[in-house]
Amino acid sequence: MNPMLKDSNTKATSKLPRRGKRKKKGLEVKDAQVAENPSEFSFAIAKIAVAQICRSAGFKTTKSNALETLTAVSTRYLETIVRLGASFASASNRTDSNLFDLVNGIHDLCSVEGFPGGSAIHKGDLLRSSALREIMNFVNLSDKVPFAKPIKCRDVSEVTIDSGTLTCFSNQAKTHIPRWLPHFPEQNCDQVLVKERKCGEKYWEHSFAGDENSVISQSNHMNGKEGKDTRMELPEGREKMKFKIRGEEEKHVGLGVNMLTGVCKGRKRVSWNHNKMNGCIIDNNQDEKR
Amino acid sequence: MNQNPQSSEGRGDDDAALSDFLASLMDYTPTIPDELVEHYLAKSGFQCPDVRLTRLVAVATQKFVAEVAGDALQHCKARQATIPKDKRDKQQKDKRLVLTMEDLSKALREYGVNLRHQEYFADSPSTGMDPATREE
């Protein structure tokens, strides 16, 4: 339903406002631009609608900058009405907005130019407000001008959420979830994601839970090359490592890892208690064995 | 829907007219398409499954734009009426009703939107040096 979600294919969707502009009745829209992002696409659609309204008001031609300005103002007007309605709803501890929230928002926006009964809007009946009645009269008296071109709706379920996350489609209709939110990934997606990681990286918990013996078996093979792969799997018995930072040559005891490339590259004082770290690992292994 | 105390009050012709109006919105097709309005609803966190409220937002915006455009049209006509007759003959070709920034800014000023466009483009160093050569 959301028109912006179908804008990933800009070529296909951008034809729509272009055709509408050409068809449209001599209004001066010279440049047929390709919408590069959803906001441009929505702006292009709103521009067509505003141009249609201007034509129904009696204008034959518009300057492009005037049309864009009026479109910007009108989209902000629409957004402000909606935001006011949503804020009124949330102030009433509701997530769903209703007609009263909308009428309150319309009142706030119409209060600039004023309307009959505007001095007592909080006392009177909202459903009898004259601002709403003016809208009713507008609908009854004005000519119906439908939008120039039907907007094709792409199915929301086809939309990919983000790179790196896997979209899973659930057939169950979850009514408590707002419609514009993407679908939740299914529960087994987590395992799929771990398998699909490119660099061979693993989660910390999987590195221990998956293979208990890997910590011990790889402890003897720790060297500089394997340090990247087994950086989370510390060996059990290691010697105490000391290094000095200011001006003196660094000593690497036990490990062949060049610490200059890692922790102390920024020449900052680092304290690392390996006994505790090893103790944690031993405890984890013991817990797992239990 | 009926969570406010106002809904229990006020019965009569107004309520009947309002209910008819809301029912008529189901069949009404506003100029601003529903998809565009729903995009802005989603963007602003307005959650309501009722299509009639979506249409009501579209209609309210359409009314605003139509009023602004109508006021700008009046400004445009008034501006053309003030042109002297001898010059008007020369500008007969341009007598088409054109929405310009000048009329639009006058119309929007009544709605609390102060709009000003730049008076000239400083596209060359000599621009603006001599005010007599400036058009506006």
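Assorted remarks:
- Filter result (assigned to a helix (DSSP H, G or I), more than 7 Å from chain B (Cβ to nearest Cβ) and farther than 19 Å from B:His39 by Cα) within the stretch A:72-102: A:Phe88, A:Ser90, A:Ala91
- The stretch A:42-56 - residue that is touching an Asp or Glu at 6+ places or on another chain (Cβ under 9 Å) and surrounded by fewer than 24 Cβ atoms within 10 Å (Cβ to Cβ) and, of those, nearest to the other protein chains (Cβ to nearest Cβ): A:Ser42
- Scanning the stretch A:103-128 for residues that are at the interface with chain B (Cβ under 10 Å from one of its Cβ atoms) and either of a type in the set (Ser, Thr, Tyr) or touching a residue at least 40 places away in the same chain (Cβ under 8 Å) (or both) yields a total of 1.
- Within the stretch A:60-70, the residues that satisfy the criterion of being facing chain B (nearest Cβ under 9 Å) and touching a residue at least 12 places away in the same chain (Cβ under 8 Å) are A:Lys60, A:Thr61, A:Thr62, A:Lys63, A:Leu67, A:Leu70.
- Scanning the stretch B:30-64 for residues that are over 19 Å from the mean Cα position of the chain (by Cα), among the hydrophobic types (A, V, I, L, M, F, W, C) and more than 7 Å from chain A (Cβ to nearest Cβ) yields one hit, B:Val51.
Rule-based calculations on the coordinates, nothing more; no lab input. Not measured: the values here are computed from a predicted model. A quick note on method: Cβ atoms are made from the backbone with ideal geometry, for glycine too, and the neighbour counts reach across all protein chains shown.
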